[in-house]
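The values are calculated or read from the model by the stated rules, or taken from the named source; none is laboratory data. Only a predicted model underlies this, so the values are computations on that prediction, with no experimental measurement involved. All Cβ positions, glycine included, derive from the backbone under ideal geometry; neighbour counts span all protein chains shown. Side chains are part of the model used for accessible areas, which takes the heavy atoms of the whole protein and leaves out ligands, DNA and RNA. Shrake-Rupley method; radii C 1.70, N 1.55, O 1.52, S 1.80 Å.
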Amino acid sequence: MKSFPIVILGGGVVAGYAAKEFVAQNGKKGGLAILTAENELPYERPPLSKGFLAGKEEASDLQISDAAYYREHGIAVYRDFPVRKVDFRAHRLQSNSGKSIGFDQLLIATGSTVRRLKVPGASRPEVFYLRQMKDSQAIREQMKRGRRAVVIGAGFIGMEVASVLASHGVRTTMVFPDDRVWKRLFTPPISDFFERQFADRGIALMKNEKVVALQHKNRECQIELASGNQMPADFVVAGIGVTPSMELFHRTSLATDGAITVNKFLETSVPGIWAAGDIANYPDQIFRRRMRVEHWDNAVEQGRVAMRNLMGNFQPFIHVPYFFSDVFDLSYEFWGDTTGYDQVVYRGNMYENKFSVWWLRKQTLCAAFIMNRPDEERAVAPRWILRRPRLDPKALQHARNLKSLDTTFGRTD
């Protein structure tokens with residue numbers, strides 16, 4: 001049995017950036033292995049619903065590091081290596097084929113699994129999901145043949161995929177159970193803004209609707225809704241969320257709470273076992289509560305911090321949650337967490353596609369949404385969330401610039 005000082009279980013964003021950190025920390029050749037069920041080197045996932053799906057990027061553009069990098073630094077990458085059993089006591093991982101890999105320390109980075117439709121007809125080949133590169137490739141090919149699509153869901157993935165489909169001439173309908181897009185995150189004005197963008201580009205929105213069945217009739221997919229409405233489509237993309245990939249760990253000694261429970265250093269309840277990315281339920285040092293974040297930036301930073309820690313350079317994970325999104329020609333960024341907010345402040349002009357939204361809790365910033373605004377707003381948003389200065393909501397709304405409100409500039413705490 002081949003064994004390594006450090007093994008990363010999972011080949012996604014966490015693995016790619018943890019490997020780079022291993023090299024930056026002068027890890028020895030032969031000291032790290034990555035096990036992935038995919039037939040790909042670790043790659044960036046955001047383009048799967050953006051540039052890659054739109055055909056603007058190819059598979060090689062998504063690689064975090066190329067094959068030569070792993071060879072040069074003596075990092076073993078086991079592709080097509082789905083693990084079916086984890087033995088923490090024996091420090092061993094066993095693949096579906098029966099081959100085993102040993103480890104001294106293990107970083108669990110198995111990520112998430114897409115939620116699948118549980119209705120009659122959901123297993124039909126016209127139904128697509130988006131999680132891995134092969135999923136995005138399949139939708140790309142389908143876009144060349146199908147002219148009508150239904151996107152189920154109106155969150156992060158649903159919005160991005162619908163915008164790409166419509167931009168490629170696919171007549172697109174979004175079906176979702178809420179009364180507005182991405183209700184869980186957006187305020188009503190932000191939802192209204194994006195709904196206008198979708199409508200202006202020909203995307204139909206079917207709100208307060210649930211899919212109850214999919215049937216194949218006359219060479220097309222017929223989507224049946226709980227309201228009794230039906231609609232035809234050439235294909236369906238379901239973006240209804242993800243769940244942590246926990247199957248391997250349900251009967252192990254790991255502490256779990258919907259995901260793998262870790263401490264502020266990203267170490268699990270089992271010594272020498274760490275977790276990072278979508279799979280990790282961590283104690284956030286900014287918001288003082290446990291969180292699980294499913295975005296790229298969190299995977300990058302947790303991968304780096306986890307690798308430093310398991311190599312002995314301990315530091316707590318302290319990071320402002322962040323993500324970015326592209327919808328048509330609009331790009332925006334989001335920082336923080338809106339939980340418990342009691343006031344919202346708007347700046348700029350939504351009708352000019354230049355605005356920002358600031359969520360406050362007890363006059364401290366907890367989250368910010370920024371689109372086409374001055375760079376100073378992008379600079380202060382994460383800093384204010386981290387350092388928690390008290391803000392006057394009226395001053396925040398009406399200030400011509402934010403320099404006069406920034407009491408944190410130059411502080412090093």
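Miscellaneous remarks
- Scanning the range 138-150 for residues that are open to solvent by 10 Å² or more (accessible area, probe 1.4 Å), in contact (Cβ under 8 Å) with a residue 40 or more places away in the chain and not in a loop (DSSP other than H, G, I, E, B) returns 140, 142, 145, 148.
- If only residues of the range 172-195 that are among the acidic types (Asp, Glu) and closer than 18 Å to residue 350 by Cα are counted, the one that is surrounded by the most Cβ atoms within 10 Å (Cβ to Cβ) is 195.
- Some residue of the range 43-53 being hydrophobic (A, V, I, L, M, F, W, C) and assigned to a loop (DSSP other than H, G, I, E, B): yes
For every residue, the table says whether it meets (1) of a type outside the set (Val, Ile, Thr); (2) farther than 14 Å from residue 150 by Cα; (3) modelled with pLDDT under 95.
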site: 197; (1), (2), (3): yes, yes, no
site: 207; (1), (2), (3): yes, no, no
site: 223; (1), (2), (3): no, no, no
site: 227; (1), (2), (3): yes, yes, no
site: 242; (1), (2), (3): no, yes, no
site: 245; (1), (2), (3): yes, yes, no
site: 261; (1), (2), (3): no, yes, no
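- Filtered residues of the range 224-244 (kept if surrounded by fewer than 20 Cβ atoms within 10 Å (Cβ to Cβ), outside any strand (DSSP E or B) and touching a residue at least 12 places away in the same chain (Cβ under 8 Å)): 226, 227, 229, 234, 240, 241
- Residue selection: residue 392 satisfies the criterion of being more than 26 Å from the chain's Cα centre (by Cα) and over 24 Å from residue 289 (Cα atoms).
- Just one of the listed residues (16, 27, 74, 55) is under 23 Å from residue 310 (Cβ atoms), in contact (Cβ under 8 Å) with a residue 40 or more places away in the chain and under 22 Å from the mean Cα position of the chain (by Cα), and it is 16.
- Extreme residue, farthest from residue 259 (Cα to Cα), among residues of the range 70-91 that are buried (at least 17 other Cβ atoms within 10 Å of the Cβ) and out of contact with any helix residue (DSSP H, G or I) (no Cβ under 9 Å at 6 or more places or on another chain): 78
- Per the listing 43, 17, the residue uniquely aromatic (Phe, Trp, Tyr) and touching a Pro at 6+ places or on another chain (Cβ under 9 Å) is 17.
- Number of residues in the range 95-109 that are modelled with pLDDT of 95 or more and open to solvent by 40 Å² or more (accessible area, probe 1.4 Å): the value is 3.
- Here residue 100 meets each of (1) farther than 30 Å from residue 206 by Cα; (2) without any contact (Cβ under 8 Å) to a residue 40 or more places away in the chain; (3) among the small types (Gly, Ala, Ser) with one exception, condition (2).
- Checking 154, 199, 162 one by one, the residue that is over 23 Å from the mean Cα position of the chain (by Cα) and either under 30 Å from residue 337 (Cβ atoms) or surrounded by 23 or more Cβ atoms within 10 Å (Cβ to Cβ) (or both) is 199 and no other.
- Residues of the range 359-371 classified as open to solvent by 20 Å² or more (accessible area, probe 1.4 Å) and either out of contact with any helix residue (DSSP H, G or I) (no Cβ under 8 Å at 6 or more places or on another chain) or at pLDDT below 95 (or both), total: 2
- Whether a residue is β-branched (Val, Ile, Thr), over 30 Å from residue 370 (Cβ atoms) and touching a helix residue (DSSP H, G or I) at 6+ places or on another chain (Cβ under 9 Å) was assessed, and residue 260 passes this test.
- Some residue of the range 396-408 being of a type in the set (S, T, N, Q) and either within 25 Å of residue 291 (Cα to Cα) or within 26 Å of the chain's Cα centre (by Cα) (or both): no
- Among the residues of the range 67-109, those identified as of a type in the set (A, V, I, L, M) and either part of a loop (DSSP other than H, G, I, E, B) or touching a Pro at 6+ places or on another chain (Cβ under 6 Å) (or both) are 90, 109.
- Checked against the criteria, residue 81 does not count as among the hydrophobic types (A, V, I, L, M, F, W, C) and within 21 Å of the chain's Cα centre (by Cα).
- Restricting 33, 59, 122, 37 to residues that are closer than 30 Å to residue 212 by Cα and either in contact with a strand residue (DSSP E or B) (Cβ under 8 Å, 6 or more places away or on another chain) or surrounded by 13 or more Cβ atoms within 10 Å (Cβ to Cβ) (or both) narrows the list to 122.
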